[in-house]
């Protein structure tokens, strides 16, 4: 991977439309802000989203327009999909997200997902025969049948990062920064 400069780096955070994991989002944002790195938050509808703990977030736009926030032919330096109970409704079945993840992965970018949103990486075909951290959720584990689910809080291999628990936002963000060459 070529080195990324903090001034130009942009990280895309995709959140469930509702019932996203507040702690993950807030920890990710705070770690990235320390560098500081620009983050863009997108969701399916772009409407105000409410977290499981009632944090309100107004996304920067809708997922369909993901590339409108970038210069032509540019990609985000990392794409991170935030988890939460709402992931099953809005993230798992999103028609565009797998394509965004695959495009970025093929372009040599870092992709990752936390908690229940790890399924989005499986739907994008990026977890086949890979070790994966995932929450202990029956439906989620079923979705990951092509992967090897491990009992680790965080797993990273070949620019794909997964975290199983809701608590892992800070560690996850630090792993993304490491892969981007920032620490």
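Structure above, values below:
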item: Cα radius of gyration and Dmax for the chain (Å); result: 14.6, 41
item: Helical contribution to [θ] at 222 nm, DSSP H n ≥ 4, -39,500 (n - 2.57), averaged over the chain, rounded to 500; result: -7500 deg cm²/dmol
item: Fraction of beta bridges assigned by DSSP in the chain that are antiparallel (%, nearest 5); result: 20 percent
item: Segment 26-134, Rg to Rh (Cα coordinates; Rh as Kirkwood inverse mean 1/r); result: 0.93
item: Relative contact order computed over segment 10-180 (Cα-Cα under 8 Å; 6+ residues apart), in percent; result: 23 percent
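Computed from the coordinates by the stated procedures, all read-outs in this text should not be read as laboratory data. Since we're looking at a predicted model, the values are computed, not measured.
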